[in-house]
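Q: Right, I'll just put the structure down here and ask away after.
The values are calculated or read from the model by the stated rules, or taken from the named source; none is laboratory data. Source: prediction; values computed, not measured. Cβ placement follows ideal geometry from the backbone for every residue including glycine, while neighbour counts extend to all protein chains displayed. The accessibility values were calculated without ligands, DNA or RNA, using every heavy atom of the protein model including side chains. Shrake-Rupley method; radii C 1.70, N 1.55, O 1.52, S 1.80 Å.
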Amino acid sequence: MKTLILDGSQPNDPTSAKIEMSLQAQLSNVETLVLCEQKIGNCAGDFLCWVRSPGMCNTNDDNRIIAEKIMQSDLVIYLTPVTFGGYSSALKRMVDHQIQNISPFFATINGEIHHQPRYKNYPDVLTVGWMDQPNAQSEAVFRQLVHRNAINMYAITSVSGLVNQKENLDDQIRGWLDEIKSASSSPMPALSKIEISSADESPIRRAALLVGSPRTKKSTSASLGGYLMEQLNARGVETETIQVYTSFNSAEQTRLTLEKLDQVDLIVLAFPLYVDNLPAPVIAALEKIAAHRASVNMAQSFAAIANCGFPEAKHNDTALAICEQFAKETGMTWLDSLSLGGGEGLVHGVPLNEMDGRALPLKKSLELAATSLALGKPISQQARDIFAKPFIPNWLYKLFGGIGWKQQAKQYVVKDLAARPYEKV
């Protein structure tokens, strides 16, 4: 069995080193890649790996080499510290690039819309995480993320392992590898919501929007979040917009951005879904905010807006649970979220005030959300329901989506969207 270990830990992480040593002792034909030592750029979200160079990322760095190694492996093992219930930004950066290994076209799996596989066979996946302290909610989010990734990345068997510091590590790893061998995938747990106390409610004076899309001002995230900021401003709240992809690129930019965030009562994060999770640069930004807040004691609230490329908004659930866990772990008051399915197909980065009647439900939802948030109250269920309501039937979304991918490919004179550049020989 050919095994590839993708280590998403920081340098000199003692837990990672122990796990790798145990894996090496129990497996043969193993290759380990420490991801923070690889040259991997952020996924640009341009879908060129689907329409210009099918099956291959447009960015020619180590991500292509690793994507090929993944498809040449029988088992891929992710190693990661559990970060707000999800993966570290180092691991997520490579996970984002794995969309090149699936097809842009849509399929229905267990009643949900997903992308079709590009290859006939995919490796099994074992994801091993560890936490400083046990946390039931973080564990549930982590296991759900692993399960969702397995669906979208077509892993036949997927096991999620969380290190228990009180038990023998070799025995734990042996058990997880036995589950892989017996094709016994880990189940997906249910998530519980954080209760929001009314005692935490107080009017918002200043709010900041974090736009977590590589398309920055021209993104759907900017359009949705921007309209919310306009509505908050109309209700007497001072607002500011910060682009995640350009505001955390250096130590000085990060310092200035954190200083700005220290001045607000409410932070709203708007982002596109990347492989069931937040984009890697957004996770990296949250890691920096969390590290900063560990030394700063202030009362702040946090809310989120997620949009995905599938027609069902529920694909965003895991990513929003990570946002919720981030708020809890950093001592912020969680004021809930809005979840949109098919956002790129509907909004496509156009400001909502420039759209036709299709934007009316979104505007109504964001106006309701602004009314609640301005008072320091969580986003209402009514606003959440309106935002998440599908705007097109699944079958029609699949049809138009397939036509759209073919039309985009014509621009680059590409005919074979099903190319398999990393086919296992």
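Q: When you check Gly41 against the structure, is it touching a Pro at 6+ places or on another chain (Cβ under 6 Å) and small (Gly, Ala, Ser), yes or no? Steps first, answer last, please.
A: Values: touching a Pro at 6+ places or on another chain (Cβ under 6 Å): no; small (Gly, Ala, Ser): yes.
So Gly41 does not fit the description; no.
Q: If you take the residues of segment 374-425 that are small (Gly, Ala, Ser), in a loop (DSSP other than H, G, I, E, B) and out of contact with any helix residue (DSSP H, G or I) (no Cβ under 8 Å at 6 or more places or on another chain), which of them is nearest to Phe106 (Cα to Cα)? Spell out how you get there, then give the answer.
A: If we filter segment 374-425 for residues that are small (Gly, Ala, Ser), which is where we start, we get 374, 376, 380, 383, 388, 401-402, 404, 409, 418-419.
Applying the additional criterion that residues be in a loop (DSSP other than H, G, I, E, B) yields 376, 380, 418-419.
Checking which are out of contact with any helix residue (DSSP H, G or I) (no Cβ under 8 Å at 6 or more places or on another chain) leaves us with 418-419.
Numbers: Ala418: 13, Ala419: 16 Å.
Looking at residues that are small (Gly, Ala, Ser), in a loop (DSSP other than H, G, I, E, B) and out of contact with any helix residue (DSSP H, G or I) (no Cβ under 8 Å at 6 or more places or on another chain), I get Ala418.
Q: Next up: Give me a count of the residues in segment 231-248 that are within 21 Å of Lys363 (Cβ to Cβ), touching a residue at least 40 places away in the same chain (Cβ under 8 Å) and either out of contact with any strand residue (DSSP E or B) (no Cβ under 8 Å at 6 or more places or on another chain) or open to solvent by 40 Å² or more (accessible area, probe 1.4 Å) (or both). I'd like the intermediate steps shown before the answer.
A: Of all residues in segment 231-248, those within 21 Å of Lys363 (Cβ to Cβ) come to 231-237, 239, 241.
Remaining after also requiring touching a residue at least 40 places away in the same chain (Cβ under 8 Å): 231-232, 234-237.
Imposing the further condition that a residue be either out of contact with any strand residue (DSSP E or B) (no Cβ under 8 Å at 6 or more places or on another chain) or open to solvent by 40 Å² or more (accessible area, probe 1.4 Å) (or both) reduces the set to 231, 234-236.
Going through segment 231-248 one residue at a time, the tally reaches 4.
Q: Grab the helices (runs of 4 or more DSSP H) fully contained in segment 220-261, keeping just those with 2 or more residues being in contact with a helix residue (DSSP H, G or I) (Cβ under 8 Å, 6 or more places away or on another chain) and under 21 Å from Ser295 (Cα atoms). Lay out the reasoning, then the answer.
A: Details: elements: 220-234, 244-247, 251-261.
Result: 251-261.
Q: Would you please name the residue that is most open to solvent (accessible area, probe 1.4 Å), looking only at residues in segment 140-178 that are farther than 22 Å from Thr15 by Cα and part of a loop (DSSP other than H, G, I, E, B)?
A: Step one: filter segment 140-178 for residues farther than 22 Å from Thr15 by Cα, giving 144, 147-157.
So of that shortlist, the ones also part of a loop (DSSP other than H, G, I, E, B) come out as 153-157.
Details: Met153: 30, Tyr154: 49, Ala155: 18, Ile156: 133, Thr157: 3 Å².
If we take residues in segment 140-178 being farther than 22 Å from Thr15 by Cα and part of a loop (DSSP other than H, G, I, E, B), then Ile156 is most open to solvent (accessible area, probe 1.4 Å).
Q: Examine segment 365-373 for a residue that is in a loop (DSSP other than H, G, I, E, B), under 27 Å from Ile204 (Cβ atoms) and open to solvent by less than 50 Å² (accessible area, probe 1.4 Å), and state whether such a residue exists. First the steps, then the outcome.
A: Filtering segment 365-373 for residues in a loop (DSSP other than H, G, I, E, B) gives none.
Checking segment 365-373: not a single residue is in a loop (DSSP other than H, G, I, E, B), under 27 Å from Ile204 (Cβ atoms) and open to solvent by less than 50 Å² (accessible area, probe 1.4 Å).
Q: Limited to segment 249-272, what total is found for residues that are surrounded by 23 or more Cβ atoms within 10 Å (Cβ to Cβ) and in contact (Cβ under 8 Å) with a residue 40 or more places away in the chain?
A: Step one: list which residues in segment 249-272 are surrounded by 23 or more Cβ atoms within 10 Å (Cβ to Cβ), which gives 257, 266, 268-272.
If we keep only those that are in contact (Cβ under 8 Å) with a residue 40 or more places away in the chain as well, we get 266, 268-272.
Within segment 249-272, residues that are surrounded by 23 or more Cβ atoms within 10 Å (Cβ to Cβ) and in contact (Cβ under 8 Å) with a residue 40 or more places away in the chain number 6.
Q: Enumerate the pairs (first residue in segment 402-418 and under 9 Å from Val51 (Cβ atoms); second residue anywhere and among the basic types (Lys, Arg) and open to solvent by 70 Å² or more (accessible area, probe 1.4 Å)) with beta-carbon separation below 9 Å, excluding pairs fewer than 6 apart on the same chain, so at least 6 apart or on different chains.
A: Gln408/Arg52; Ala409/Arg52; Ala409/Lys415; Gln411/Arg52; Tyr412/Arg52; Val414/Arg52; Leu417/Lys406
Q: Quick one: which residue in Ala299, Ala207, Ala306, Ala291 is open to solvent by less than 50 Å² (accessible area, probe 1.4 Å), over 26 Å from Ile102 (Cβ atoms) and of a type in the set (Gly, Ala, Ser)?
A: Values: Ala299 fails: open to solvent by less than 50 Å² (accessible area, probe 1.4 Å); Ala306 fails: over 26 Å from Ile102 (Cβ atoms); Ala291 fails: open to solvent by less than 50 Å² (accessible area, probe 1.4 Å).
Testing whether each residue is open to solvent by less than 50 Å² (accessible area, probe 1.4 Å), over 26 Å from Ile102 (Cβ atoms) and of a type in the set (Gly, Ala, Ser) leaves just Ala207.
Q: Mind checking which residues of segment 351-364 are in a loop (DSSP other than H, G, I, E, B) and either buried (at least 20 other Cβ atoms within 10 Å of the Cβ) or on the phi > 0 side of the Ramachandran plot (or both)?
A: none
Q: When both residues are 6+ apart or on different chains and their Cβ atoms are under 6 Å apart, which pairs have a first residue that lies in segment 10-34 and is more than 23 Å from Gln165 (Cα to Cα), and a second that is part of a loop (DSSP other than H, G, I, E, B) and open to solvent by 40 Å² or more (accessible area, probe 1.4 Å)?
A: Matching pairs, first to second residue: Asn29/Lys2.
Q: Name the one entry in Lys193, Lys181, Lys120 that is at pLDDT below 95, of a type in the set (Lys, Arg) and surrounded by fewer than 16 Cβ atoms within 10 Å (Cβ to Cβ). Spell out the reasoning first.
A: Details: Lys181 fails: at pLDDT below 95; Lys120 fails: at pLDDT below 95.
So the residue among Lys193, Lys181, Lys120 that is at pLDDT below 95, of a type in the set (Lys, Arg) and surrounded by fewer than 16 Cβ atoms within 10 Å (Cβ to Cβ) is Lys193.
Q: Please verify whether segment 325-348 includes one or more residues that are buried (at least 19 other Cβ atoms within 10 Å of the Cβ), acidic (Asp, Glu), part of a strand (DSSP E or B) and in contact with a strand residue (DSSP E or B) (Cβ under 9 Å, 6 or more places away or on another chain).
A: yes
Q: Right, another one. Determine which member of the set Ala44, Ala67 is among the hydrophobic types (A, V, I, L, M, F, W, C) and surrounded by fewer than 17 Cβ atoms within 10 Å (Cβ to Cβ). So that I can check it myself, show each step before the final result.
A: Details: Ala67 fails: surrounded by fewer than 17 Cβ atoms within 10 Å (Cβ to Cβ).
Criteria check complete, one pass: Ala44.
Q: I'm told Leu169 meets every condition in (1) modelled with pLDDT of 95 or more; (2) under 21 Å from Cys323 (Cα atoms); (3) of a type outside the set (Val, Ile, Thr) except one. Can you identify the failing condition by its number?
A: Condition (2) is where Leu169 drops out.
Q: I want to confirm something. Restricting to segment 374-388 and keeping residues that are in contact (Cβ under 8 Å) with a residue 60 or more places away in the chain and either open to solvent by less than 60 Å² (accessible area, probe 1.4 Å) or among the charged types (D, E, K, R) (or both), which single residue is nearest to Leu232 (Cα to Cα)?
A: Ala374
Q: If a residue has to be outside any strand (DSSP E or B) and over 15 Å from the mean Cα position of the chain (by Cα) to count, how many in segment 68-126 make the cut?
A: Kept after step one, since they are outside any strand (DSSP E or B), are these residues of segment 68-126: 68-74, 82, 84-85, 87-101, 110-111, 118-123.
Checking which are over 15 Å from the mean Cα position of the chain (by Cα) leaves us with 68-74, 100-101, 110-111, 118-123.
So the answer is 17.
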